[in-house]
Each structure stands twice: as structure tokens, then as C-alpha cells.
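Remarks on the structure that follows.
The values are calculated or read from the model by the stated rules, or taken from the named source; none is laboratory data. These figures come from a predicted structure and were not determined experimentally. All Cβ positions, glycine included, derive from the backbone under ideal geometry; neighbour counts span all protein chains shown.
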Amino acid sequence: MCDYLDQMAKQDELYEEAARTFGPALERLARGYEGDADKRRDLLQEIHVALWRSLGSFDGKCSLRTWVYRVAHNRAASYVRWDRVKNPGNAPIDEMEASFNPIDSEGAVDRKRAQDRLLYMVQRLPPLDRQIMLLYLEGMDNVSIAEIAGISATNVGTKVHRIKGVLTRGIRKGGIDVR
């Protein structure tokens, strides 16, 4: 019984450290996967539950950061797949459609609208590309992204370059075509 209680205490400590250290990044990640505010709150809660559960088997073979991002991205990708099956006709960011034009009438770039537009386009990328771009936007290097995504660092670099091109073309054209 003592071993079980010790394990639970360790799991709780790891979770508290992870939530404190990576909480803001997890919120940004959830926003990158889900545009609807209510669904985003549900997703963030599911990410935290999955993270807490997973920390019982955390063995330290990778960094806590890698573990947290891997669990969060896997849970978010599952959530998005499940939501698409449950609600196949729903567009995830209806409220952002009014802000499609990131340039105001003076010709200056409205930063908030540009960020919303970028997130809108990132949310429409295929799951692996979305994961890679969200980690890249968090400032992670190719090696860290590769460890989390389960692909080579060289492949990450190639994908980042290609995704940047897709997003740049999408911003210029006013939409996104991920084909």
C-alpha cells in the first residue's frame, strides 16, 4: 500500500511541475488544435487528465518536456479525429471567419487578426504537419520536435520548410490548400 501511495505522490508532483512549467504552452497548443472556445476548454481539460494519467508510467528516458508535448499532441490529435467523426459538417473556427483579412483599412497589419488567421490555417493542416508547426512556433528545435513527433530531425526540417511555404502562399491567396 505504501508503494502505491508513494507512486501516486510522485505522479502528483510530476503533474504539478508539468502544469506549472508547461501550462501556458498547453493552452497555446489547445488553441492551435481547436478554435471553438468551449471545445478548446474541453480539449485542454482532456490534455491535463491524459497528462496526469500518463505520468504514472513516466520513466525519465526522455525529458519531462518531451513527454508532456508528446502526450498533449497525441491527445489533441485524437480529440480532433473524434470531433470530426462526431460532427463532420462543423467548421472549427466559425467565429474567426470575420477576421480573414489581416490588413486593416490603413494598410497596417493587425497583429491579432494575423495571428488568428495563422492559427486558422495551422488548424487545417494534416495532423503531423500541425503538430510539427505548433512545436516550431513554440520555439523548439528540430531535434526536440523529432523526438516528440517520432520522425527524424532532417524530416522535421524539410516539413517545416514545406509547411512555411504552404502557410505563406495561403496568407497571400487568402486561404489555404494543403494538397
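Can you name the residue in segment 104-160 that is more than 12 Å from the chain's Cα centre (by Cα), among the hydrophobic types (A, V, I, L, M, F, W, C) and under 23 Å from Asp36 (Cα atoms) and is also modelled with the lowest pLDDT among such residues?
So, considering only residues that are more than 12 Å from the chain's Cα centre (by Cα), among the hydrophobic types (A, V, I, L, M, F, W, C) and under 23 Å from Asp36 (Cα atoms), the one modelled with the lowest pLDDT is Ala114.
Hey, any hits in segment 20-27 for a residue that's under 17 Å from Leu119 (Cβ atoms) and buried (at least 18 other Cβ atoms within 10 Å of the Cβ)?
yes
Mind checking whether some residue in segment 14-35 is out of contact with any Asp or Glu (no Cβ under 6 Å at 6 or more places or on another chain), within 17 Å of Ala77 (Cα to Cα) and not in a helix (DSSP H, G or I)?
Yes.
Residues in segment 137-158 that are in contact (Cβ under 8 Å) with a residue 40 or more places away in the chain and of a type in the set (Val, Ile, Thr): how many?
1
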